Every structure is written in C-alpha cells, then in structure tokens.
Amino acid sequence: MKIFLDTIGCRLNQAEIESMARGFRAAGHEIVASAELAELAVVNTCAVTNDAVSVSRGKIRQISRAGVNEIIATGCWTTLQPKEAAALPNVLQIVPNSQKDQLVAQTLKLPPASFILHPFDAEPLNRVPLPGLHRRTRAFIKVQDGCNNQCTFCITTVARGAARSRAVADVIQDIRFALDGGAKEIVLTGVHLGSWGYDFDLHLTDLIQAILRQTDTPRLRLSSLEPWDLHADFFSLWTDARLMPHLHLPLQAGSDSTLKRMRRNTDTSSFRELVAAARAMIPGVAITTDIIAGFPGETEDEFAQTLEFVRAMNFAGGHVFTYSPRPGTGAAKMKGQIQPEVRKKRNHSLHDALDESAKSYREKFVGQTMSVLWESTSEMGERGWLMEGLTENYLRVQAYSASPRWNEIDRVALAACVEEKLQGTILMEAFA
Ligand code: SF4
C-alpha cells in the first residue's frame, strides 16, 4: 500500500509519524511524499491553539480532496473531539493518543505485540527520513508522553494523559535505528521531557548519561524543558561536547502573580537563578523560551513586569503565543479574559523584546567558526548551492557550497548577520 503520513504541531507528533513510517515500511508498505500518490493517509492532529485545530481539519479535507479514500485521524485534536474528526470526509478510523502506539498494528490488522513501535527485534529497521515536506535531517526521538501537571492554559496535558516514560533500552534502540539510518543529530522529545524517569525513580540526567555512554551520537539536543525539573548540577552534563548548548525553558510569564494563576510550578527568582547557573556552567549557551501574551486577568502592571523580566533575561530567541482559550482548560473559565486586540498588542511588544535580545545574541558569533548541520538546500545559483542549517547553539546559518551538503556537518566561518540568519563560508577542509 502507498501511505502518506502528515503531522501538525510539535516535535513529538513528528517523532511519532517517523516511528509509524518505520512500522509500515517493515510490513512492506511504501511511504509516499504526497497525498496525491497515496491509498491511505494518517494525520497526527494538534489542539494546542485554535489555529492548530483549524490547520488539522484543513489538512484532512485537503487529503480527502487529493483522492485518498481511507484517512486515519489521530493526535491531540482527534483525541479531544473524536466525533468532529470522524465527521470529516473519508475519515474511516479514529485513533486516540492512548492507542497511538498500536495504530500501525490496528491499521494492518496484525497482533498488537508485533507492532508496538519496535516491531522487528529480528529485523531492525533504520530510520529513513520521511519523503516530502516532513523530511528532516535531525531525528526526533520520543522518550516520554503525557504530563502530571495542570498548567491552567494547557490542553496538551488533557489530550495526552498522565506522564509515562519509555524505557532506556527502547530509547537507545530508536537512537541506534536513527544513527544507522544516517542521522547526525538526535533530538529528545516528549510532552514533559524533564519528567522522564519519575515513574522509574530516575531523572532525565540518567537517560542522557546512558545515551552518551551507549551510543556515538554526534549531536544530542534536548527539546523544551520545564524549569522546575532542573537543578544546577544538571548542567554538569555539558562537559560532554556532544550535548548541544541550547536550552529551551518555557517561562510563559515574568510576573509571579500571573505564574500563580497559570499554576506554573516556578517563580521569577528561581527561573532567574536557573538561567544564571546554566550560563555559568555552559559557555555561550543559547537560552530560548515561550511566553503567553494576554493571559486571563493579566493587568497592565503584570504585563509590564513580564516585559521587563523578558528583557532582563536576554533570551537568545523564543516564541510568543497570544493567549488562546482552549475548551477544557481551567484558564478558559477564568474571569478577566483580555480583549483580543490587547492580547495582540502585548504579543507584539514581547516579540520585539525577544527579537532584540536574539539579534544581540546572534551578533556575538560573527567572526567565529562554528559547526553547522545542513538541513536544506534552497537554490542552485551561479554561486553554487545555497545551504541552510543549524549551529550547535541553534543559530540558523546560510552558506554557498560547490556541492549539496544535506545532512553533513561542516565548520563554517561566520561573517555577518542578515535578518534572523548568519551568513558564512564553509571551510575548505569540508571538501578535502
Ligand atoms: S508542564 Fe504544563 S504546559 Fe507543559 S505539558 Fe504539562 S501542563 Fe502542559
């Protein structure tokens, strides 16, 4: 069968469709690059914002218009609104998040045990980047699912259920599949990554140490980490140069009273201390973040505190989300919902503050030579191939090359900042 896999939203969704691809391939099916080529499609939906929900619906309609008669809807939006998903054209199967691990087995009507994401002990299958839009050099590896926290704005914890960790051996096996398939960077991902191991009385530190000990991963990167899961000694892991000097620590708000209404398990002084410890122990580390603009009840004063705190933290970048009430969350029922135009205005101010500190962070690296993993080739001009990729500290770099260098790691002399990217020259050693 020709199968098209589509995903919306987070790295975890991406990691999951990559695992599904391996399962379908092992059973002899072909993963195709677009819906037009497919007989069956799986759509891993998202519910984190209203926009993500409408994109999820749109993708399913688009795939059915492309002629796919059998669509399987899974993921967070499908889990929260199965009836609405089932009502969309050509959706023949609904697989909630809790059964996603068995989606390949259910679809192929095979005994579940044979397809729980590690289908082929006898016949290991290397990760092969997905064809088409979802082709990635970096391998996203799911290590954990669900969350036991109840941040009042968060629908993910509702859609994904209680926190559960994958066993070290399973994670290591997935990483070996990815490395044998040619991946040069492994990205650990989950819903609440920092809670990995709590169900085994272990900590994420133990998993990272096991990965660095048992695999020759050239680059290991961590996805978003909730600040309260980390302590200063966590940063001693970065004595291993294979661990990428980039920490994404969602702050969400820079006012303690707002953080309280969000039921965030942190406050501004412990966040500030954690960032200071990371910067002291990991030279040049990039600290990025997420901020919510216009959370219910956010006064002008609270917003001013958040803006000032964001400026003081000097982040290397991040995302600003305009608060989006999600049915089923505590915040959606809160009094003091902020006018949409005010939320938008606050988003712009926070965005400008993050852009400013991100720019000054980038400029610090002009004149330096850094390693870049090339992720895309955007054009073939008189100057050669224009490559684009990421440094170890998550800076986006462009450089010209005589030959395509997709999925290669090169040393690059960084010459200038152009908008949100750095321009550089690949050192000739790469072509030796
Ligand atoms: S920690 Fe909070 S924001 Fe993160 S997944 Fe859990 S409930 Fe959602």
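The values are calculated or read from the model by the stated rules, or taken from the named source; none is laboratory data. All values derive from a computational prediction rather than experimental measurement. Note that each Cβ is placed from the backbone with ideal geometry, even for glycine, and that neighbours are counted across all protein chains shown. The protein model used for the area step is the full one, side chains on, heavy atoms only, and it has no ligands, DNA or RNA in it. Shrake-Rupley method; radii C 1.70, N 1.55, O 1.52, S 1.80 Å.
Unpaired cysteine residues in the chain (no second Cys Cβ under 4.7 Å): Cys10, Cys46, Cys76, Cys147, Cys417. Over the chain, accessible surface divided per residue gives 43 Å², non-protein components excluded, 1.4 Å probe. For trypsin sites (Lys or Arg not before Pro), the sites in region 315-348 that DSSP calls loop and that have at most 16 other Cβ atoms within 10 Å are Lys335. Entry note, the chain: the mean residue ellipticity at 222 nm calculated from DSSP H runs of n ≥ 4, each adding -39500 (n - 2.57), is -9500 deg cm²/dmol after division by the residues and rounding to the nearest 500. Taking amide H as placed 1.01 Å from N in the peptide plane, Gly297 has its amide H under 5 Å from the amide H of Gln337, Ile338, each at least 5 places away in sequence or on another chain.
Evaluate the distance, in nm, between pseudo-label points positioned 7 Å from the Cα of Asn265 and of Asp355 along their respective Cα→Cβ axes. Modelled inter-label distance: 3.6 nm. Straight-distance candidates among the lysines for linking to Lys184, with alpha-carbon spacing under 19 Å and chain neighbours fewer than 8 residues away dropped: Lys142. Converting phi to 3J(HN,Hα) with the Karplus coefficients 6.51, -1.76 and 1.60 and the offset θ = phi - 60°, region 316-329 yields 7, x, x, 10, 10, 9, 6, 3, 10, x, 9, x, x, 9 Hz in sequence order, with x at every glycine or proline. In this structure the amide hydrogen of Leu243, modeled in the peptide plane, comes within under 5 Å of the amide hydrogens of Leu220, none closer than 5 places in sequence on its chain.
Determine the order of Lys421, Lys83 by accessible area, beginning with the largest, at a probe radius of 1.4 Å.
Greatest to least solvent exposure: Lys83, Lys421.
Among His351, His29, the sequence by solvent-accessible area, most first, with a 1.4 Å probe is His351, His29.
Region 363-432: which GluC sites (Glu not before Pro) are DSSP loop and have at most 12 other beta-carbon atoms within 10 angstrom? Spell out each step's value before the answer.
Numbers: sites: Glu363, Glu375, Glu379, Glu382, Glu388, Glu392, Glu408, Glu419, Glu420, Glu429; in loops: Glu382, Glu392, Glu408, Glu419, Glu420.
Answer by residue number: Glu382, Glu419, Glu420.
So what is the relative contact order for region 369-431, in percent, with contacts set as C-alpha pairs under 8 Å and at least six apart? Reported relative contact order: 32 percent.
Think of the chain as a dipole: +1 on every Lys or Arg Cβ, -1 on every Asp or Glu Cβ, centred on the Cα centre; then among Cys147, His231, Phe177, Cys147 lies furthest on the positive end.
Pairs over the 18 Å Cα-Cα cut-off, from the set Lys260/Lys335; Lys83/Lys333; Lys59/Lys109; Lys359/Lys421; Lys59/Lys333: Lys83/Lys333; Lys59/Lys109; Lys59/Lys333.
Model label sites at Met1 and Asp180, defined 7 Å from Cα along the beta-carbon direction, differ in position by 2.6 nm.
Rounded if a/c is under 1.5, else prolate if a/b is larger than b/c, else oblate: which is region 369-431, with a ≥ b ≥ c the root eigenvalues of its Cα gyration tensor? Since a/c stays below 1.5, the shape of region 369-431 is classed as rounded. Estimated from the Cβ-Cβ distance and a Förster radius of 35 angstrom, the FRET efficiency linking Glu388 and Ala280 is about 0.65.
Each residue was assigned an accessible area with a 1.4 Å probe, and for Leu108 the value is about 30 Å².
Note on the chain: Cα Rg divided by 2.2 N^0.38 Å, N the number of residues, gives 0.99.
The phi torsions of region 79-95, fed into the Karplus equation with coefficients 6.51, -1.76 and 1.60 and a -60° offset, translate into couplings of 5, 7, 10, x, 5, 4, 5, 5, 7, 6, x, 6, 7, 9, 9, 10, 10 Hz, rounded to whole numbers, with Gly and Pro shown as x.
With each label modelled as a point 7 angstrom along the Cα→C-beta vector, the Glu420-Asp206 pair spans 3.8 nm. Computing the accessible area with a 1.4 Å probe over protein heavy atoms, can you report the carbon and sulfur percentage for the chain? Taking all protein chains in place, the chain shows 53 percent carbon and sulfur surface. Applying both filters, DSSP loop and at most 14 other Cβ atoms within 10 Å, to the GluC sites (Glu not before Pro) of region 15-109 eliminates every site. Spatially, region 56-83 and region 272-288 are offset by 41 Å when compared through their Cα centroids.
Taking a cut-off of 24 Å, what percent of all Cα-Cα pairs in region 1-132 are separated by more than that?
Values: 1845 of 8646 pairs.
The share of Cα pairs beyond 24 Å in region 1-132 comes to 21 percent.
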